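For reference, the structure is listed below as structure tokens.
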């Protein structure tokens, strides 16, 4: 986390007494966790616990830092014992660190990030899961004032990933705004050094088009919080630009990004109200999120 005091957490022991062996496999499964988790496991289908862990660890590396609660909801059905089991295992192996961040209302919430060893492991898992080899996986240090917004990006992107999955599409890569800005800046600067300012401007616009980044009316590149690259059921590739809108966004910037086709997701009630005011929220196509994104991340912390 950039510039914020954090408190690393060690693995928490399971306070429950060990259960005696059982001949009934169903009862044994319920003893290992929570009865609601067992019922939900059956309803969720055939995704195994190791598969869920692989996806969750990769998510942390892709987004740099993820709220504990958000990871639980996205990858483990919102169930605390299953999530705690996975996180404790990662901490014991030295792959994950657990920190505290401060939400917009002053309450603290848990944030997970990878260690160097965790980055290496997450890259292995991403490769096995068919993710683009160019996918950036690493760690992120957030400023205190940005923690609520930065973790909201994962929630917004997850909603878009769910929508794509329902359409039969597979996510291949996710780029955050810093990676997109770096790609445009590198290409533009290289052109400037060789051929001057006009060449730099031309190259900036060319790279923006190549990356599906729109320009505003003044020719400025509009960067999303995250960009999801996917392959649809027919083998065609596409991109979705995702924005996690906070309540302090400026109206002109919101209108420009909405007009450019960004998927706008509200991060909190103030943001949802702002989108409604601009006529950008509340539609059936999910242009802003109710539920997981539209909340104080600390208010429902595990």
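The values are calculated or read from the model by the stated rules, or taken from the named source; none is laboratory data. Because the structure is a prediction, the values reported are computed rather than measured. Cβ placement follows ideal geometry from the backbone for every residue including glycine, while neighbour counts extend to all protein chains displayed.
If the condition is being closer than 22 Å to residue 150 by Cβ and surrounded by 19 or more Cβ atoms within 10 Å (Cβ to Cβ), then the range 105-122 contributes 109, 110, 111, 112, 113, 114, 118, 122.
Taken over the range 207-231, residues that are part of a helix (DSSP H, G or I) and either on the phi > 0 side of the Ramachandran plot or surrounded by fewer than 16 Cβ atoms within 10 Å (Cβ to Cβ) (or both) amount to 2.
Within the range 131-142, being surrounded by 13 or more Cβ atoms within 10 Å (Cβ to Cβ) and at pLDDT below 95 holds for 131, 132, 138, 139, 140, 141, 142. Just checking, how many residues over the range 48-66 are part of a loop (DSSP other than H, G, I, E, B) and either without any contact (Cβ under 8 Å) to a residue 12 or more places away in the chain or at positive phi (or both)? Result for the range 48-66: 2. Being within 21 Å of residue 211 (Cβ to Cβ), part of a helix (DSSP H, G or I) and touching a residue at least 12 places away in the same chain (Cβ under 8 Å) narrows it down to one of 121, 160, so name that one. From the options 121, 160, the qualifying one is 160. Specify the residue that is nearest to residue 137 (Cα to Cα); the eligible residues are those in the range 67-117 that are in a helix (DSSP H, G or I) and under 16 Å from the mean Cα position of the chain (by Cα). Residue satisfying both the conditions and the ranking: 71. Filtering the range 257-270 to residues that are at pLDDT 90 or above and not in a loop (DSSP other than H, G, I, E, B) leaves 257, 258, 259, 263, 264, 265, 266. Consider the range 163-177 and keep the residues that are free of Cβ contacts under 8 Å to residues at least 60 places away in the same chain and farther than 19 Å from residue 67 by Cβ. The one that is surrounded by the most Cβ atoms within 10 Å (Cβ to Cβ) is 175. Of the residues making up the range 232-249, those that are part of a strand (DSSP E or B) and either at positive phi or surrounded by 18 or more Cβ atoms within 10 Å (Cβ to Cβ) (or both) number 6. For residue 275, the test of being over 30 Å from residue 137 (Cβ atoms) and buried (at least 20 other Cβ atoms within 10 Å of the Cβ) is passed. Among the conditions (1) in a helix (DSSP H, G or I); (2) within 20 Å of the chain's Cα centre (by Cα), the only one that residue 190 does not satisfy is (2). Filtered by the rule that a residue be out of contact with any strand residue (DSSP E or B) (no Cβ under 7 Å at 6 or more places or on another chain) and part of a helix (DSSP H, G or I), the range 124-154 gives 124, 125, 126, 127, 128, 145, 146, 148, 150. Could you tell me whether residue 129 is touching a residue at least 24 places away in the same chain (Cβ under 8 Å) and touching a helix residue (DSSP H, G or I) at 6+ places or on another chain (Cβ under 8 Å)? Taking the combined requirement at face value, the residue satisfies it.
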